[in-house]
Amino acid sequence: MDGYRGLFDAHFRGMTALATLLGADDPENIAQEAFVRLHGRMHRLRDPEAARAYLRTTVVNLCRSRARHLTVVDKHREPVSRGTVPSAEDEVLAADTSATAAALQALSPRHREALVLRYWLDLSDADLAASMGVSAGTARTHLSRGLAALRAALTEAREAP
């Protein structure tokens, strides 16, 4: 159990930050769920390094699943009446975004995943592909297109008045 506790202490913040960068609306829950799922599979892992890769892949998949769920919820949500005032949390979160974070969030989920996994976690092509569940060539394509889209969005943001 000490190994699991050490793994949690060493990587919970990183997995929470990964979920945040991938656009999760509740990154702590995503990271916690990844650790819960890992706990049930710890006895099957031969290599302790595999636990980090498992966590990373689980966080990516949970973020995807949550985004799909929220898309369905938004489609069936009742319209908000005009008298509704945004919560203080919504206002703080809206005011606390930089141009880069806003541009990153505007990317497609796959492009955002590729950029975050490569440049935030510094993953190799093979690890990037494994975490995304795609081939190495497809991962490089997502990375290249994501960089181009991010560059265009930041250029547009700089040129806007």
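The values are calculated or read from the model by the stated rules, or taken from the named source; none is laboratory data. If you're wondering where the values come from, they're calculated on a predicted model, not measured in any experiment. Note that each Cβ is placed from the backbone with ideal geometry, even for glycine, and that neighbours are counted across all protein chains shown. What goes into the accessible areas is simple: the full protein's heavy atoms, side chains included, and nothing from ligands, DNA or RNA. Shrake-Rupley method; radii C 1.70, N 1.55, O 1.52, S 1.80 Å.
Things to note:
- Taking label positions 7 Å along the Cα-Cβ direction at both Asn29 and Leu147, the computed distance is 3.6 nm, reported to one decimal.
- Each part reduced to its alpha carbon centroid, the stretch 101-117 and the stretch 10-68 end up 18 Å apart.
- Cβ-Cβ FRET estimate between Glu156 and Ala67, R0 fixed at 25 Å, reported to 0.05: 0.55
- From phi via Karplus (6.51, -1.76, 1.60), per-residue ³J(HN,Hα) for the stretch 125-137 in Hz, x at Gly/Pro: 4, 5, 5, 4, 4, 5, 5, 8, x, 9, 6, 4, x
- Theoretical gain in end-to-end length, Asp125 to Ala106 [0.36 nm per residue, Cα-Cα removed]: 4.5 nm
- Residues in the stretch 1-48 average 66 Å² of solvent-accessible surface per residue, probe 1.4 Å, ligands and nucleic acids excluded.
- In order along the stretch 116-121, phi translates into HN-Hα couplings of 5, 5, 6, 8, 8, 9 Hz, rounded to whole numbers, per the Karplus curve 6.51 cos²θ - 1.76 cosθ + 1.60 with θ = phi - 60° and x for Gly and Pro.
- A crude spin-label estimate for the pair Leu45 and Ala136, with each label 7 Å from Cα along the Cβ direction, gives 2.4 nm.
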